[in-house]
Structures are given as structure tokens and as C-alpha cells.
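Visitor: One structure coming up, written as C-alpha cells, with questions to follow.
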Amino acid sequence: MPIYFILIPHSSLPMSRRTEKVSSLLHQEIARLIQEFELPALTTVSKVQVTPDLKWGKAFITVMGDESKQKQVLAELKKNIYSIQKAVNAEMGMKIVPRISFVLDHGEEYAAKINELLRKAQE
């Protein structure tokens, strides 16, 4: 009888207490560090996801502005990723600090689009 394995991506796995704590600390530290940069648009960190082995962290950022502003902000953050990572490493004081990557969070745009469709449907 064959044995089947189901592969579950990291993002759908529930986070343990430790990963939640590290994610929360990373969120606070990255948000503090982003304020120090002169970015072309208002930028916030919406959430941070950390892999279960704590080797990788994905920071989802929300940029207020059009698509060109979003690309400019993402390029600026990626250009300064080494200084951000160095500051996070120094501040966290952990043996293993997740390597950070930045991703645009389109959740608010999607929610606004859905709300607009619902409003049109009610009319």
C-alpha cells in the first residue's frame, strides 16, 4: 500500500510561542528602524512571518501611494537591507536571528477593492 505525504507550506503552519515572540520583536524593531530612513512615502510594517526554524523572516510592508512609490520604497529598503539586518542582529541578542526580506502587503488594497464591489452591489 503506497504512503502519501502532504506538503504544507510554512505560511499555513501555526506559529509556536517562540516564533510568535520572535515575530513580534522583529516587527517592533523593523518598524523602529524604518522610521530612521527617509522613504518617499508613508510606510508601515503590517506583519512579520518567521519560519519555524527561525532562519528566515518575511516583513510585509504597506506603502501609502501609487505603484511607483511602492517600488521606490521597496528598492530603498532592499538597498539598505544589510544595515537593517546588522541593526536587528545587534538589538535582538539571539544566537540565531532570522534573515529579513521585505514584501509588499497588498491586503489593504484587496480589502478596499472588495468593499467597493460590495458597495456597488448594494446600490
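Visitor: Take the conditions among the basic types (Lys, Arg) and within 24 Å of Tyr110 (Cβ to Cβ) and apply them to Lys47. Does it pass?
Guide: Considered against the rule, which asks whether it is among the basic types (Lys, Arg) and within 24 Å of Tyr110 (Cβ to Cβ), Lys47 comes out as yes.
Visitor: Now for a separate question. Applying the selection to the range 77-100, what residues are under 15 Å from the mean Cα position of the chain (by Cα), closer than 19 Å to Glu36 by Cα and surrounded by 15 or more Cβ atoms within 10 Å (Cβ to Cβ)?
Guide: Correct list: Leu77, Ile84, Gln85, Val88, Ile100.
Visitor: Just a yes or no: is a residue in the range 66-75 within 15 Å of Ala31 (Cα to Cα), within 18 Å of the chain's Cα centre (by Cα) and exposed (fewer than 15 other Cβ atoms within 10 Å of the Cβ)?
Guide: Scanning the range 66-75 turns up no residue that is within 15 Å of Ala31 (Cα to Cα), within 18 Å of the chain's Cα centre (by Cα) and exposed (fewer than 15 other Cβ atoms within 10 Å of the Cβ).
Visitor: Answer yes if at least one residue in the range 95-118 is touching a strand residue (DSSP E or B) at 6+ places or on another chain (Cβ under 9 Å), at pLDDT below 90 and among the hydrophobic types (A, V, I, L, M, F, W, C), and no otherwise.
Guide: No, the range 95-118 contains no residue that is touching a strand residue (DSSP E or B) at 6+ places or on another chain (Cβ under 9 Å), at pLDDT below 90 and among the hydrophobic types (A, V, I, L, M, F, W, C).
Visitor: Same structure again: Among the candidates Leu118, Leu39, Leu74, Leu104, which residue alone is over 30 Å from Ser16 (Cα atoms) and touching a residue at least 12 places away in the same chain (Cβ under 8 Å)?
Guide: Result: Leu39 is the single residue among Leu118, Leu39, Leu74, Leu104 that is over 30 Å from Ser16 (Cα atoms) and touching a residue at least 12 places away in the same chain (Cβ under 8 Å).
Visitor: Can you tell me which of (1) part of a helix (DSSP H, G or I); (2) under 26 Å from Tyr110 (Cβ atoms) is the one Ala41 doesn't meet?
Guide: For Ala41, the exception is condition (1).
Visitor: A further question on this structure: Restricting to the range 2-45, and then to whatever is in contact with a Ser or Thr (Cβ under 7 Å, 6 or more places away or on another chain) and surrounded by fewer than 15 Cβ atoms within 10 Å (Cβ to Cβ), can you tell me which residue is modelled with the lowest pLDDT?
Guide: Going through the qualifying residues, I end up with His10.
Visitor: Identify, from the list Ile96, Ile61, the residue that is outside any helix (DSSP H, G or I), touching a Phe, Trp or Tyr at 6+ places or on another chain (Cβ under 9 Å) and touching a residue at least 12 places away in the same chain (Cβ under 8 Å).
Guide: Ile61
The values are calculated or read from the model by the stated rules, or taken from the named source; none is laboratory data. This structure is a prediction, so every number in the text was calculated from the model and none was measured. Every residue, glycine among them, receives a Cβ derived from its backbone with ideal geometry; neighbour counts consider all protein chains shown.
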